[in-house]
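Written below as structure tokens is the structure these notes are about.
The values are calculated or read from the model by the stated rules, or taken from the named source; none is laboratory data. Because the structure is a prediction, the values reported are computed rather than measured. With ideal geometry, Cβ positions are generated from the backbone for all residues, glycine too; neighbour counts draw on all protein chains shown.
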Ligand SMILES: *Cc1c(COP(=O)(O)O)cnc(C)c1O
């Protein structure tokens, strides 16, 4: 059977190995395995969410509320925008896909940093768009601007702030001056999956979605419940943008794309601000242990504003081998070989998990 040509060069996303798979492949016990590969919250989620889920399970015979009134209302209050400025997806991943379906096609290009979140490229290729990456692996706004000038077919560009997998983050002031120079017909997706971490570490990295979308009607800001909120398994994320963008994306969104349980869980998660602040605080305390480990061992890294850190190796060591050896000991990390980097990305775990990593 012949499939659409757009699928020819399309690789599927390689997710972090699930614990169950490592149990089967390496004959280890579930309790001896730690997953530091997907930037999940090692503390779990707010206990309040679990309580709400138990209650919500009684109603799963009914379709979810497709207007997503409650969660939109909570997010609208949090960000001081209107409900019409918000779209909710099965992970912010789904919103990335909707944005590309709405704006990119076989006649356009999508621009992103040299090393950034893999799904930007995958979803772009699904709609047949050309991929453009800056020479610089981390975000370099001069290069972004230059490439926009040289390629008049750029329809969407991605800024990942902080950037996954490198961890670096642009100052918001620089982002604003950049946006002023960008054609208003280019959809600028600002992915804030790790904003909750970045804004605590450095207030110059803090994005205020309301201000951003009021100044720039061509910006779509993304957030997720998968990282600091500890709800990756619920698959829920959101977009904040000008009403016209939200309206366009809603035309493509499937009805009931977010489950009842996910919606309830996220509404509750937003109420527990203490859980978020504790998680962020512990994250950076533990990250400093990684920074010490990296310098003590003579490895290299990049300052991270998120809940992970990269460890770069010189030629004598191969990141692929290191990741594999860790796996045999029950520690799952992310090898960045696929990004042409001799490095691994490690999610900051609990104090106990991190100790296990250091003593591996
Ligand atoms: C994790 C992540 C997301 C979103 O994940 P979902 O689980 O689909 O909400 C988006 N962008 C980046 C950069 C991420 O790391």
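Could you say whether any residue in region 89-97 is surrounded by 19 or more Cβ atoms within 10 Å (Cβ to Cβ), without any contact (Cβ under 8 Å) to a residue 40 or more places away in the chain and under 13 Å from residue 249 (Cβ atoms)? Yes: region 89-97 contains one or more residues that are surrounded by 19 or more Cβ atoms within 10 Å (Cβ to Cβ), without any contact (Cβ under 8 Å) to a residue 40 or more places away in the chain and under 13 Å from residue 249 (Cβ atoms). When region 234-245 is filtered for residues that are surrounded by 22 or more Cβ atoms within 10 Å (Cβ to Cβ) and away from the ligand (no atom under 16 Å from the Cβ), only 245 remains. One residue alone among 88, 122, 96 is farther than 27 Å from residue 345 by Cβ and within 14 Å of the ligand (Cβ to nearest atom), and that residue is 88. Of all residues in region 139-155, those that are under 14 Å from residue 180 (Cα atoms) have Cβ atoms under 8 Å from Cβ atoms of residues that are part of a helix (DSSP H, G or I), 6 or more apart or on another chain, in 141/174; 141/175; 141/178; 144/178; 145/178. Take region 215-273 and flag every residue that is closer than 16 Å to residue 45 by Cβ and part of a loop (DSSP other than H, G, I, E, B). Once the filter is applied, which keeps residues that are closer than 16 Å to residue 45 by Cβ and part of a loop (DSSP other than H, G, I, E, B), region 215-273 yields 225, 226, 227, 228, 229, 230, 231, 235, 236, 259, 272. Considering region 146-173, the residues that are within 19 Å of residue 216 (Cβ to Cβ) and in contact with a helix residue (DSSP H, G or I) (Cβ under 6 Å, 6 or more places away or on another chain) include one that is surrounded by the fewest Cβ atoms within 10 Å (Cβ to Cβ), namely 171.
If you go through region 141-200 and pick out every residue that is within 12 Å of the ligand (Cβ to nearest atom) and over 27 Å from residue 282 (Cα atoms), you end up with 2. When residue 254 is tested against (1) within 16 Å of the ligand (Cβ to nearest atom); (2) within 18 Å of residue 98 (Cα to Cα); (3) surrounded by fewer than 18 Cβ atoms within 10 Å (Cβ to Cβ); (4) touching a residue at least 40 places away in the same chain (Cβ under 8 Å), just one condition goes unmet, and that condition is (4).
Is there a residue in region 295-317 that is in contact with a strand residue (DSSP E or B) (Cβ under 9 Å, 6 or more places away or on another chain) and part of a helix (DSSP H, G or I)? For region 295-317, residues in contact with a strand residue (DSSP E or B) (Cβ under 9 Å, 6 or more places away or on another chain) and part of a helix (DSSP H, G or I): absent. Checked against the criterion of being assigned to a helix (DSSP H, G or I) and under 30 Å from residue 102 (Cα atoms), region 343-356 contains not a single residue that satisfies it. Taking the criterion of being buried (at least 16 other Cβ atoms within 10 Å of the Cβ) and free of Cβ contacts under 8 Å to residues at least 60 places away in the same chain, the only residue of region 278-298 that qualifies is 294. Any chance region 72-83 includes a residue that's within 16 Å of the ligand (Cβ to nearest atom) and either part of a loop (DSSP other than H, G, I, E, B) or in the same structural domain as residue 241 (by TED's automatic domain parsing) (or both)? For region 72-83, residues within 16 Å of the ligand (Cβ to nearest atom) and either part of a loop (DSSP other than H, G, I, E, B) or in the same structural domain as residue 241 (by TED's automatic domain parsing) (or both): present. Selection of region 104-119 for residues being away from the ligand (no atom under 12 Å from the Cβ) and either outside the structural domain of residue 166 (by TED's automatic domain parsing) or buried (at least 23 other Cβ atoms within 10 Å of the Cβ) (or both) yields 104, 110, 111. Just one of the numbered conditions (1) buried (at least 23 other Cβ atoms within 10 Å of the Cβ); (2) closer than 22 Å to residue 102 by Cα is not true of residue 214: (1). Taking residues in region 203-219 that are in the same structural domain as residue 305 (by TED's automatic domain parsing), and partners anywhere that are part of a loop (DSSP other than H, G, I, E, B), not one pair has Cβ atoms closer than 8 Å while being at least 6 places apart or on different chains.
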